[in-house]
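Structure first, then comments.
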Amino acid sequence: EPFVADEYIERLAWRTPGGGSRGGEAFDPKRLLEEFVNHIQELQVMDERIQRKVEKLEQQCQKEAKEFAKKVQELQKSNQVAFQHFQELDEHISYVATKVCHLGDQLEGVNTPRQRAVEAQKLMKYFNEFLDGELKSDVFTDSEKIKEAADIIQKLHLIAQELPFDRFSEVKSKIASKYHDLECQLIQEFTSAQRRGEISRMREVAAVLLHFKGYSHCVDVYIKQCQEGAFLRNDVFEDAAILCQRVNKQVGEVFSNPETVLAKLIQNIFEVKLQSYVKDQLEEHRKSDAEQYLKNLYDLYTRTTNLSSKLMEFNLGTDKQTFLSKLIKSIFISYLENYIEVEIGYLKSRSAMILQRYYDSKNHQKRSIGTGGIQDLKERIRQRTNLPLGPSIDTHGETFLSQEVVVNLLQETKQAFERCHRLSDPSDLPKNAFRIFSMLVEFLCTEHIDYALETGLAGIPSSDSKNANLYFLDVVHQANTIFHLFDKQFNDHLMPLISSSPKLSECLQKKKDIIEQMEVKLDMGIDRTLNCMIGQMKHILAAEQKKTDFKPEDENNVLIQYTNACVKVCGYVRKQVEKIRNSMDGKNVDTVLMELGVRFHRLIYEHLQQYSYSCMGGMLAICDVAEYRKCAKDFKIALVLQLFDTLHALCNLLVVAPDNLKQVCSGEQLANLDKNILHSFVQLRVDYRSARLARHFS
């Protein structure tokens, strides 16, 4: 523990009698002083003793340090001597090694020619046996030494190639015959070893055959036997993948060039097995069933490319991607060359059949819309005047639009896009995709949607027809839904195929043109439908509104809150507003409702101008307009509500006291209106001709 002087003195005083630290003892300063002096002397003696001990230890440490330094110096000298000896030994070893290498080179220089001479002597001996026509050496007669015999006969065969034919024709033929016999024996041995599954023997025989001309035949035998029993299931592609996986593990243990052998196996599988299988599957339907042919072609090509992707894992040489691509192309080239023509032909016939089947189910004979000068002239007149040209057609509520038909057409086109993506050459992909898109536009947009719009337009009755059934909004609703599906397919399936090609702008322009063409007809049909709605309201008002409604015979006995005509018109309007909301979406709803609301207001305004109003009749007119205004709230369009608010304020002019007319006309809602409008409403009062009223309004 650290030394604390105060605590030390305190303990010393506590131990000393008379120190005053223990309770009950008298304090004795002299005794405490005496104890302190004695203790100080003891501490001084102790300090001197410890100091002497420290000095002694320091002297001893200095002595040992000197001895240790002397010892280290001696060790350094010994280490330097040992290092010098090591350098001398290393130089001596290097000198001896140089001598040994030189001697080895000299021995090799003598031994190599000697070995060559011995080998040449043996070859001459074996050559003499062929020359004599009798093979006596056991290397040719002992089947166990076939490897040695193969090495010898291969060298003799090379030598025989250099000999002149006229003098050595017989011996050359004998050597060639033996060469061929040994080659056949080795291939037979390899075949037997493969059947027995003896990998080491196969490797040994393959290494010997490597220098023979028949080595490629050995590889062919290996490839043929590998495929025995490998294709027993129905899935030839899966069988091929499993076979290549198995051979890939084995081929490296047998052949010195495994990538070449494996590549040759794959080539054989593609050119024999797969090509035969593909031909059988496609030729059966090529001319009789285009749908099945296209499905099979897409499926087979996809499975072949998937197999190719699996084979990419193996070592097949430097450019395996190009190698496999060429194999796939060799199988499918005859089918891919005219693929798009088959696709377009099938898509055209299939789409036409889907549409015809639908119209047949409706017992509808599709009428010709017509083209040419007269039709174009009619179209331009109709667009400028919005007049129905030709007789109205009763469609009996049928829109001639079918979501099922649309889904079928889009599904066929989707599958065509998928096949196009897979089967088209990359350079032809955008062009082929555009052709498929053109088919979709022709049959979905022109033959189905546009035809339905034309038929719907022809089915809209004239604005003065009574009890007309308005089905064009149903056409609008279904056409809108269908076009959303068309747009989704355009973005999901066509755009990825053409996004980076010049065909993109062409497709976008074609889509824009067809949209604008349809929007013109939709706008025209909606406008004429609104005219019909207003016409229906006119008929209701003409039939239900009586002149006595606003000028009752008994002013004091009016029991109704609003007229019967108002009730029926409001009921009709509410139904049409709900129908418009259900038929459209987005801003189109507000746009059409605004147009209907403005026309509705104009109709009521002009209708009210036709009557004269007594005081009680004016109150009834205000009640009618209040009901019309309540109906206008359903439109949820600010402008329409504002128009009816103003009309309601105008109707107040029919009942206000003559003295208050100027005050009412200067009110917030009427102050900005033209004075002639205000005057026209005041003139509707039955009491207008009284001098007092005319004077107040002048």
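Of note:
- Accessible surface, per residue, of region 647-689 when the full set of protein chains is kept, probe 1.4 Å, Å²: 55
- Ranked by the mean number of other Cβ atoms within 10 Å of their residues, highest first, the peptides 8-15, 528-535 fall in the order 528-535, 8-15.
- Share of carbon and sulfur in the accessible heavy-atom surface of region 551-696 [1.4 Å probe, %]: 50
- Net charge of the neighbourhood of S309, taken over other residues with C-beta under 15 Å away and scored Lys/Arg +1, Asp/Glu -1, is +2.
- Amide H contacts of Y613 (H built 1.01 Å from N, in plane; Pro and chain starts excluded): R685, V686 sit under 5 Å, all sequence-distant by 5 or more or on other chains.
- For region 395-537: accessible area per residue (Å², 1.4 Å): 41
- Ordering 266-273, 221-228 by mean Cβ neighbour count within 10 Å, with the highest value first, yields 266-273, 221-228.
- Split the accessible area of region 223-373 by element, probe 1.4 Å, and carbon with sulfur accounts for 47%.
- Here the relative contact order of region 551-696, from alpha carbon pairs under 8 Å that lie six or more residues apart, stands at 28 percent.
The values are calculated or read from the model by the stated rules, or taken from the named source; none is laboratory data. Since this is a predicted model, take the numbers as computed values, not measurements. Positions of Cβ are backbone-derived with ideal geometry, glycine not excepted, and every protein chain shown enters the neighbour counts. Please note that ligands, DNA and RNA were not included when accessible areas were found on the heavy atoms of the full protein model with its side chains. Shrake-Rupley method; radii C 1.70, N 1.55, O 1.52, S 1.80 Å.
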